[in-house]
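First up is the structure itself, then whatever we jot down about it.
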Amino acid sequence: MGFFYPAMERAEGTEPEAEQAKSGAPATPAAATAPVLTWQEAEQRDFAGYPLEAAAAEPEWGAQADWNGASQAMAGEAIQASLAVPQPHDPVALEQFRILRTRVLEALGARQLRALLVTSPGAGDGKTTVAAQLAMQCSSLHQGRVLLVDADLRRAGLSELVRPRPMAGLAQCLKGDHNFETLVQKIDPWLSVLPTASVHADATELLSSQRMVELLDQSRAQYDLVILDSAPVGPVVDSRVLARLTGAALLVVRAGVTPADEVGKAAAMLRPGLIGTVLNGARLPRFNKYHYAYTPVVAAGSGARP
């Protein structure tokens, strides 16, 4: 579905040679489809091994004929909204988010997954900002539709950034009060948000329900990538439940704030689905100047350890 996953298939070399010969297309050199292996390559190439600049050549919205009927109906009913996420003005920070995008999509492609949980050991680590920025960076490729879900039913921090403020959200959907399609708010043609209107004491029961399983299945069917911003994994069990449902988790920790022992405990709770760790707020020296606001240092991969 969409363009994320055909690109991943090209990266893995799964296209049969017979199909290439039938189409008359020249064989793709192995070097062009090799996965990203180094940080230098990650800065220049996307998850399929192609130059990042290639995304700018994608046709504008309206030129794609990739939608099925269900997706068209969903988009027609979605509420137009905006997402007030603080933007990194430092080019170093922006480049780190692009590297994060590349590493995450590469890891998800290797596991053939479409959903990702973003969490942290505790409050204040910056997981919501990282989840929102990651969703925006992925949608900016214009290669697939992204759904950002506020699955933190205990704080609903992501939904505070949505304008207009939602009156209903994920919890009402899980309770059966609203349909999924009527709650999704479309930010632009490539990015949509499923908010959470308020906090809920029965968060664990709602997220562990069969309705949550069905909602994730529906989301995967209508979107190319689903990113969930969830509660911290340390204090409550919510994120451990969602990690099992998504199959992939990204752990966000804050430099100089998150205790090392808490990082280790959180990572253990998320395995085997932990695909990587983001060190948020790290100081990166450059030109005798420190850059640290919303700057993630990325360590993502199936073998990554915090």
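The values are calculated or read from the model by the stated rules, or taken from the named source; none is laboratory data. Not measured: the values here are computed from a predicted model. Counting neighbours? That spans all protein chains shown, and the Cβs are built from the backbone with ideal geometry, glycine included.
Evaluating Y290 against the criteria (1) modelled with pLDDT under 95; (2) crowded, with 16+ Cβ neighbours inside 10 Å; (3) assigned to a strand (DSSP E or B) leaves one unmet condition, (2).
Picking from residues in segment 145-179 that are in contact with an Asp or Glu (Cβ under 8 Å, 6 or more places away or on another chain) and acidic (D, E), the one that is farthest from V237 (Cα to Cα) is D150.
Per-residue answers, yes or no, for (1) touching a Lys or Arg at 6+ places or on another chain (Cβ under 7 Å); (2) not hydrophobic (A, V, I, L, M, F, W, C):
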| position | (1), (2) |
| --- | --- |
| F97 | no, no |
| R114 | yes, yes |
| S120 | yes, yes |
| A123 | no, no |
| G126 | yes, yes |
| L134 | yes, no |
| L141 | no, no |
| L153 | no, no |
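Per-residue answers, yes or no, for (1) under 18 Å from the mean Cα position of the chain (by Cα); (2) assigned to a helix (DSSP H, G or I); (3) modelled with pLDDT of 95 or more:
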{"site": "L228", "(1), (2), (3)": "yes, no, yes"}
{"site": "L251", "(1), (2), (3)": "yes, no, yes"}
{"site": "L279", "(1), (2), (3)": "yes, no, no"}
{"site": "P285", "(1), (2), (3)": "no, no, no"}
{"site": "R305", "(1), (2), (3)": "no, no, no"}
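Of the residues making up segment 140-182, those that are within 16 Å of T129 (Cα to Cα), buried (at least 22 other Cβ atoms within 10 Å of the Cβ) and either of a type in the set (G, A, S) or in contact with a Phe, Trp or Tyr (Cβ under 6 Å, 6 or more places away or on another chain) (or both) number 4.
When we screen T204, T246 for residues that are under 14 Å from A151 (Cβ atoms), in contact with an Asp or Glu (Cβ under 8 Å, 6 or more places away or on another chain), surrounded by 17 or more Cβ atoms within 10 Å (Cβ to Cβ) and of a type outside the set (A, V, I, L, M, F, W, C), the only hit is T204.
Against the conditions (1) among the hydroxyl-bearing types (S, T, Y); (2) in a loop (DSSP other than H, G, I, E, B); (3) surrounded by fewer than 20 Cβ atoms within 10 Å (Cβ to Cβ), T196 satisfies every one except (3). Within segment 179-218, if we keep just the residues that are free of Cβ contacts under 8 Å to residues at least 40 places away in the same chain and small (G, A, S), the residue that is farthest from S140 (Cα to Cα) turns out to be A201.
The residues of segment 110-128 that are at negative phi and surrounded by fewer than 21 Cβ atoms within 10 Å (Cβ to Cβ), listed by number, are A110, R111, L113, G122, A123. Residues that are assigned to a loop (DSSP other than H, G, I, E, B) and either closer than 20 Å to S239 by Cβ or among the charged types (D, E, K, R) (or both) within segment 84-124 comprise D90, L113, R114, S120, P121, G122, A123, G124, listed in sequence order. Just checking, does segment 214-224 include any residue being surrounded by fewer than 21 Cβ atoms within 10 Å (Cβ to Cβ) and more than 28 Å from E106 (Cα to Cα)? No, every residue in segment 214-224 fails to be surrounded by fewer than 21 Cβ atoms within 10 Å (Cβ to Cβ) and more than 28 Å from E106 (Cα to Cα). Somewhere in segment 251-271, is a residue within 15 Å of A123 (Cα to Cα), buried (at least 16 other Cβ atoms within 10 Å of the Cβ), of a type outside the set (V, I, T) and touching a helix residue (DSSP H, G or I) at 6+ places or on another chain (Cβ under 8 Å)? Yes, there is a match, as at least one residue in segment 251-271 is within 15 Å of A123 (Cα to Cα), buried (at least 16 other Cβ atoms within 10 Å of the Cβ), of a type outside the set (V, I, T) and touching a helix residue (DSSP H, G or I) at 6+ places or on another chain (Cβ under 8 Å). Filtered by the rule that a residue be modelled with pLDDT of 90 or more and touching a Pro at 6+ places or on another chain (Cβ under 7 Å), segment 135-168 gives a lone residue, D150.
Pick from segment 126-168 the residues that are outside any loop (DSSP other than H, G, I, E, B) and basic (K, R): which of them is farthest from F97 (Cα to Cα)? Per the stated criteria, the residue is R163. Tell me which residues, restricted to segment 253-269, are within 23 Å of I227 (Cα to Cα) and either part of a strand (DSSP E or B) or among the acidic types (D, E) (or both). Passing the criteria: V253, R254.
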